[in-house]
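The values are calculated or read from the model by the stated rules, or taken from the named source; none is laboratory data. Since we're looking at a predicted model, the values are computed, not measured. Cβ sites come from the backbone with ideal geometry, for glycine too, and all protein chains shown count toward neighbours.
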Amino acid sequence: MTKTVSHWIGGKPVEGASGRFGPVTDPATGAVTTQVPFADGGEVDAAVAAARAAYGSWSTSSLAQRTSILFRFRALLDAHREDIAALITAEHGKVHADALGEVARGLEIVDLACGIPTQLKGELSTQVSQRVDVAAIRQPLGVVAGITPFNFPAMVPMWMFPLAIACGNTFVLKPSEKDPSASVRLAELLTRAGLPDGVLNVLHGDRTAVEALLEHPDVAAVSFVGSTPIARHVHRTASAHGKRVQALGGAKNHMLVLPDADLDAAADAAVSAAYGSAGERCMAVSAVVAVGAVGDDLVQRIRERAEKIIIGPGTDPASEMGPLITAEHRDRVAGYVKGAAEQGAEVVLDGTGHTVEGYEQGHWIGISLLDRVPVTADAYRDEIFGPVLSVLRVDSYEEGLALINASPYGNGTAIFTRDGGAARRFQLEVQAGMVGVNVPIPVPVGYHSFGGWKDSLFGDHHIYGNDGVHFYTRGKAITTRWPDPADAPAGVDLGFPG
Ligand code: NAD
């Protein structure tokens with residue numbers, strides 16, 4: 001028996017009415033556990049209308065009212081970490097500890113939203129001219145839509161809606177149809193925390209719902225996180241419909257290892273960052289660039305560590321890596337490993353064909369490690385989004401930097417070295433939005449902002465942190481003159497005020 005997940009509109013569950021549904025699978029067993037409704041245009045209208053109806057009173061609610069709700073939400077989220085993580089594991093497949101980490105990183109943004117009064121304080125300059133003051137304030141935009149990917153079903157929605165609603169907007173979230181349940185749980189908790197009906201709505205669906213949101217006249221802004229082709233399309237379409245857009249796309253994250261690096265630390269970092277969450281992270285390291293003579297030694301150390309990774313269902317505390325999201329995705333990842341061998345790479349570890357006893361129908365794939373990968377190989381050029389690490393060999397720092405900067409993606413990157421001068425050069429010269437120095441996955445904390453360059457982000461704003469507050473508000477400058485009661489009338493002056 002499968003259950004059916006509901007939309008969450010106007011503060012309550014609403015059953016899908018379009019008659020179209022998609023399957024949600026437990027990736028560890030391959031069994032369809034849940035049906036997710038796919039909203040049609042009428043349901044999109046209803047969700048946007050609920051958000052619009054709530055906007056008037058929410059946008060004028062006091063900051064104290066908003067933050068008291070967010071603080072209660074934070075406490076509920078904290079109390080429900082375990083069950084939200086269990087929902088994530090059941091639909092995404094990642095191991096429970098990783099799912100708990102995802103909830104913790106989402107909670108960081110709720111922390112930030114709880115402090116929104118500080119972020120919205122505005123600016124004031126007094127006496128810019130005789131008796132004239134200038135104030136700068138930031139105001140909400142209206143109804144904001146968020147469209148999120150499968151790989152962080154709780155964290156990425158929380159990159160968006162806590163800050164958006166803290167700023168006074170109302171929100172329609174269209175989560176991934178592959179793992180939709182966590183977002184509904186978050187909306188339930190926010191409602192329990194006292195959020196007025198309609199401020200956060202969750203609408204399930206596929207591209208039909210996305211297109212309707214991108215074109216909807218009552219949607220003021222769109223936050224998107226997902227793959228590059230869809231991010232590009234979302235940015236173009238929503239911009240053409242007059243909306244503010246931030247669209248975060250895919251990635252190919254490189255880790256440059258200089259000859260002086262601590263090779264054990266580099267190998268630990270490469271293995272953790274490449275195979276954690278089965279490589280289904282937009283900040284996963286998928287290419288290690290070994291400089292000089294370190295290649296053989298580094299590959300050997302990576303191999304020793306990677307071979308020990310325990311693959312199994314995310315519900316088993318012994319598992320370190322779970323299955324992939326779908327069987328089709330697993331087959332696509334396997335295709336890259338096979339193709340790499342044909343395109344000139346050395347296959348050091350081949351994870352294709354891996355199964356887990358007792359879970360034979362799960363979407364399993366083992367660890368793959370490719371060495372001496374040519375830059376022309378598909379395994380290097382494309383975002384694989386699976387547990388496949390490519391090693392490339394270069395002779396110098398300059399050659400490694402040029403290789404990284406030639407990538408169309410520019411999300412995260414890292415350098416491993418003991419040389420502070422080289423690290424400093426790298427952080428200034430590399431074309432990527434997030435840089436790690438001896439840190440393989442440099443995801444900024446909540447009070448900084450997250451975002452890539454080039455094909456990893458379309459739009460001008462990174463997400464969360466100060467950029468998030470700026471994205472979800474627009475500025476207004478107010479110039480005020482209050483004449484002193486003793487002043488004589490200024491008189492008419494047609495000159496340009498200097
Ligand atoms: P995806 O692009 O397939 O889907 C993302 C969202 O877009 C989903 O809600 C989906 O329903 C919708 N969508 C899919 N196809 C669409 C279409 N043709 N038209 C309109 N909407 C469509 O991404 P995914 O597979 O769910 O997630 C993995 C991707 O997300 C990877 O490329 C990963 O790098 C990227 N990602 C990026 C970041 C980042 O911060 N840059 C973070 C997480 C994931």
>> Take the residues in segment 323-341 that are of a type outside the set (Gly, Ala, Ser), under 29 Å from the mean Cα position of the chain (by Cα) and assigned to a helix (DSSP H, G or I); name whichever of them is surrounded by the fewest Cβ atoms within 10 Å (Cβ to Cβ).
In response: GLU328
>> Scan segment 247-264 and tell me whether some residue there is within 27 Å of ALA50 (Cβ to Cβ) and among the aliphatic types (A, V, I, L, M).
In response: yes
>> Looking only at segment 24-60, filter to residues that are of a type in the set (S, T, N, Q) and exposed (fewer than 14 other Cβ atoms within 10 Å of the Cβ); which one of those is farthest from VAL172 (Cα to Cα)?
In response: THR60
> What do you reckon, is LEU369 within 27 Å of the chain's Cα centre (by Cα), within 30 Å of GLU398 (Cβ to Cβ) and either among the aliphatic types (A, V, I, L, M) or surrounded by 14 or more Cβ atoms within 10 Å (Cβ to Cβ) (or both)?
Replying inline: yes
>> Looking at (1) within 11 Å of the ligand (Cβ to nearest atom); (2) more than 16 Å from SER176 (Cα to Cα); (3) of a type in the set (A, V, I, L, M, F, W, C), which one does VAL225 not meet, given that it meets all the others?
In response: (2)
> Which one is nearest to CYS114 (Cα to Cα) among residues in segment 151-178 that are within 9 Å of the ligand (Cβ to nearest atom) and not aliphatic (A, V, I, L, M)?
Replying inline: TRP159
>> Tell me yes or no: at least one residue of segment 342-364 is away from the ligand (no atom under 16 Å from the Cβ) and in a helix (DSSP H, G or I).
In response: yes
> Can you tell me which of ALA261, ALA187 is more than 13 Å from the ligand (Cβ to nearest atom), assigned to a loop (DSSP other than H, G, I, E, B) and of a type in the set (A, V, I, L, M)?
Replying inline: ALA261
>> Of the residues THR208, THR148, only one is within 18 Å of HIS461 (Cβ to Cβ) and within 15 Å of the ligand (Cβ to nearest atom); which?
In response: THR148
> Would you call GLY279 within 16 Å of the ligand (Cβ to nearest atom) and touching an Asp or Glu at 6+ places or on another chain (Cβ under 7 Å)?
Replying inline: no
> Looking at (1) in contact (Cβ under 8 Å) with a residue 12 or more places away in the chain; (2) more than 11 Å from the ligand (Cβ to nearest atom); (3) among the small types (Gly, Ala, Ser); (4) surrounded by fewer than 24 Cβ atoms within 10 Å (Cβ to Cβ), which is the only condition ALA240 fails?
Replying inline: (1)
>> Would you confirm whether or not segment 404-412 contains a residue that is of a type in the set (Phe, Trp, Tyr), touching a Gly at 6+ places or on another chain (Cβ under 9 Å), modelled with pLDDT of 95 or more and under 21 Å from VAL271 (Cβ atoms)?
In response: no
> Does segment 306-341 hold any residues that are within 16 Å of the ligand (Cβ to nearest atom) and among the polar types (S, T, N, Q), and which are they?
Replying inline: THR326
> Got a number for residues in segment 270-286 being surrounded by fewer than 24 Cβ atoms within 10 Å (Cβ to Cβ) and of a type in the set (A, V, I, L, M)?
Replying inline: 1
> How do the pairs read when you match residues in segment 400-424 that are more than 17 Å from THR228 (Cα to Cα) with residues anywhere that are at pLDDT below 95 and assigned to a helix (DSSP H, G or I), using Cβ under 6 Å and keeping only pairs 6 or more apart or on different chains?
Replying inline: none
> Would you pick out the residues in segment 129-175 that are out of contact with any His (no Cβ under 9 Å at 6 or more places or on another chain), buried (at least 21 other Cβ atoms within 10 Å of the Cβ) and of a type in the set (S, T, N, Q)?
Replying inline: THR148, ASN169, THR170
